[in-house]
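A.B. asks: Pasting a structure below so you can have a look.
The values are calculated or read from the model by the stated rules, or taken from the named source; none is laboratory data. Treat the numbers as computed from the prediction; the structure is a model and nothing was measured. Virtual Cβ from ideal backbone geometry, glycine too; neighbours counted across all protein chains shown.
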Amino acid sequence: MDIVLRTVLVFCFLLVLTRVIGRRELSSLQPFDLILLIVLGDAVQQGLTQDDYSLTGAFLVIGTFAVLQVFVSWIGYRFPRARPVLEGEPIIIIDDGQLIERNLKRERLTKQEIAEQARIQQIAHISDVRWGVLETNGQISFIKKSS
C-alpha cells in the first residue's frame, strides 16, 4: 500500500510540475532535455519503489500511474470546467500580425522562436499571420491573413 501512496503523490507532483514548466518547453526536446528526462525518470523510480525491486512493486507503480492517467483524462472529459486546469488552454500569441508581448512573456517565448516556427510552416513574415496560437501540446498554429 505504501508504494501505491508514493505513486499517487509522485503522479500529482509530476502533473503540477508539467503545468508549471510550460507547454513550450515540453514540446521541443533538446539533447540536454532528453538527458534530464532520463535522470528525472531514474530519480522518480527511486522515490517510488525505494528498495523494492520486485516485479509486484513495478506492476503496482505502473498500474497506479495508468489508472491515475485514465482518471485524470476522464475528469477532463466528464467535467469541462476542469479541462483548463488539467490540460491548459490555447493562448493567442499573434493577433492580426502583431505579437502579444504579455502572452509571449508568460510562456517564455521569444520573437525568434515564433519567427522560426512561422518559417517552418512556410510563412515569411509575422505580419502575414492573422492569428498565432500556442496550442495545449506546445505547438504553434498559424492562420494566415486572407489575400
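A.B. asks: Identify all residues within the stretch 110-147 that are under 16 Å from residue 90 (Cα atoms), outside any helix (DSSP H, G or I), at pLDDT 90 or above and not polar (S, T, N, Q); write none if there are none.
C.D. replies: Scanning the stretch 110-147 gives 130, 131, 132, 133, 134, 140, 142, 143.
A.B. asks: Within the stretch 105-131, track down each residue that is of a type in the set (A, V, I, L, M, F, W, C), out of contact with any helix residue (DSSP H, G or I) (no Cβ under 8 Å at 6 or more places or on another chain) and touching a residue at least 24 places away in the same chain (Cβ under 8 Å).
C.D. replies: If the condition is that a residue be of a type in the set (A, V, I, L, M, F, W, C), out of contact with any helix residue (DSSP H, G or I) (no Cβ under 8 Å at 6 or more places or on another chain) and touching a residue at least 24 places away in the same chain (Cβ under 8 Å), then 131 is the only one that fits.
A.B. asks: So, of the residues in the stretch 78-91 that are modelled with pLDDT of 90 or more and within 18 Å of the chain's Cα centre (by Cα), which turns out to be nearest to residue 10 (Cα to Cα)?
C.D. replies: If we take residues in the stretch 78-91 being modelled with pLDDT of 90 or more and within 18 Å of the chain's Cα centre (by Cα), then 82 is nearest to residue 10 (Cα to Cα).
A.B. asks: Taking residue 67, is it within 21 Å of the chain's Cα centre (by Cα), surrounded by 11 or more Cβ atoms within 10 Å (Cβ to Cβ) and in the same structural domain as residue 14 (by TED's automatic domain parsing)?
C.D. replies: Spelling it out, residue 67 is indeed within 21 Å of the chain's Cα centre (by Cα), surrounded by 11 or more Cβ atoms within 10 Å (Cβ to Cβ) and in the same structural domain as residue 14 (by TED's automatic domain parsing).
A.B. asks: Continuing with this model, one more query. Can you confirm whether residue 41 is modelled with pLDDT under 85, of a type outside the set (D, E, K, R) and loosely packed, with under 14 Cβ neighbours inside 10 Å?
C.D. replies: yes
A.B. asks: Another question about this same structure. Looking at the stretch 75-93, I want the residues that are at positive phi and have a partner that is among the polar types (S, T, N, Q) with Cβ atoms under 7 Å, at least 6 apart or on another chain. Which pairs are those?
C.D. replies: 88/136
A.B. asks: Follow-up. For the stretch 92-124, enumerate the residues that are closer than 16 Å to residue 18 by Cβ and either among the β-branched types (Val, Ile, Thr) or surrounded by fewer than 13 Cβ atoms within 10 Å (Cβ to Cβ) (or both).
C.D. replies: If the condition is that a residue be closer than 16 Å to residue 18 by Cβ and either among the β-branched types (Val, Ile, Thr) or surrounded by fewer than 13 Cβ atoms within 10 Å (Cβ to Cβ) (or both), then 108 is the only one that fits.
Yes/no per residue for (1) touching a Gly at 6+ places or on another chain (Cβ under 8 Å); (2) closer than 14 Å to residue 3 by Cβ:
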{"residue": "54", "(1), (2)": "no, yes"}
{"residue": "66", "(1), (2)": "no, no"}
{"residue": "71", "(1), (2)": "no, no"}
{"residue": "74", "(1), (2)": "no, no"}
{"residue": "77", "(1), (2)": "no, no"}
{"residue": "84", "(1), (2)": "no, no"}
{"residue": "94", "(1), (2)": "yes, no"}
{"residue": "100", "(1), (2)": "no, no"}
{"residue": "104", "(1), (2)": "no, no"}
